[in-house]
Amino acid sequence: MIFLYLLDCVSDIKSCCNDYGLANILASIKEALNIIHIVVPILLILSLAIGFIQLVINPEDKKKPKMVFTRIFCAVIVFFLPYLVNLSLSLLDGDGYQLGACWKSSEELKKEMENRENIYIPTTDKPKQSFILNSDDYDQPEVSQNDFTDFAHLNQYNQTGTYANYSVCAGGGNSVAGTACGLSTYMAARYVLTGEDTDFMSFCHEACRTGLYNGNGSSWNVLSSDSFYPNTYGIVSNSISSNYNSYVSTLQNGGVVSVLIGQGYANTGSGGFNSTANQHFILLVNYNSEDDKIYVYNPTGANTGWKSKNIIERYVVECAKGSWSLTKK
């Protein structure tokens, strides 16, 4: 199919119009000129006939001959006006060729664009309707979003809470307060995604048996490489890029994000989330598009809350050692 002058720029640069809006306006002007070209001369001819009749009836009226000649001159000018405009625009060169090209192709381009078939792109399985009388019948894209708001409930999974001084494993070893940030993050994520609570110490002891807890912290890859956790807790874990847009996309699509940060020094005093020089897990829970902020759950409780893009990029993205999306199975 020929796309007329809109894209036909190779053979003749002066026939190339790349502004459909301008071509559409010029086409309307052409239509108006064509109407004037026909209607006005007819009216002038009728006026001339009346003038000649009046001149025959009253030959002594000296104003009539001058008026007749004026009307003849106007009729000739109006009749040739479209031709004069076409000639003037066709002679445009240099910076003015765009206007000339659009004038030349305006009628054909407007006709071609009006004749193009509109394509209906459905977003649901509903059948196409000519008329929609009920607002509920409009296509509604299926968008999964995170509407979690019970942030205070997550504090019961803080590693610095009730079980802070307990050993993570039943046989002893490092404490919950010192090494259970990853386990706290996972239990908080489970509640956000499924609404189900997890027995804190039972989960910790289980993590020691499955290898999720390695004695010093959490081996997060176990969550995606072993089917035990998806099947038991109904959560799927996948590695994602450690950048702000990736985090926002996951949150907007109903997931949460676990991030392993490792600044190398404590930065909670300046607005960060790591209280030690070791690596630390946090959970990105939800996204507020109006304020462009992300809610951060920190298992230690430090700086938990809504954080700006600047804070997320500085203390999460730049410090990230790994990021994982968590979604409901």
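What follows draws every value from the coordinates through simple rules; no lab data is involved. From a predicted model like this one, the values you see are computed outputs, not experimental measurements. Please note: Cβ atoms are built from the backbone with ideal geometry, for glycine as well, and neighbour counts cover all protein chains shown.
Run the quick spin-label model on residue 265 and residue 291: label points 7 Å from Cα toward the beta carbon, then report their separation in nm to one decimal.
Here the answer is 3.0 nm between the modelled labels.
Can you give the log10 of the normalised intensity I(q)/I(0) at q = 0.11, 0.20, 0.27 Å⁻¹, computed with Debye over equal Cα scatterers of the range 227-295?
Each listed q maps to, in turn, -0.34, -0.95, -1.17.
Show me the chymotrypsin sites (Phe, Trp or Tyr not before Pro) within the range 224-300 that DSSP assigns to loop and that have at most 14 other Cβ atoms within 10 Å of their Cβ.
For chymotrypsin sites (Phe, Trp or Tyr not before Pro) across the range 224-300 that sit outside H, G, I, E and B with at most 14 neighbouring Cβ atoms in 10 Å, the list reads 265.
HN-Hα J couplings of the range 33-43 from phi, Karplus 6.51/-1.76/1.60, θ = phi - 60°, integer Hz, Gly and Pro as x?
Using θ = phi - 60°, the values come out as 5, 5, 5, 4, 4, 9, 6, 4, x, 5, 5 Hz.
Classify the range 136-253 from the C-alpha gyration tensor, please: rounded if a/c falls under 1.5, else prolate or oblate depending on whether a/b exceeds b/c.
prolate
For the range 175-317, compute Rh as the Kirkwood radius over C-alpha pairs and then the Stokes-Einstein diffusion coefficient at 37 °C and 0.692 mPa s; write the answer in µm²/s, rounded to an integer.
212 µm²/s
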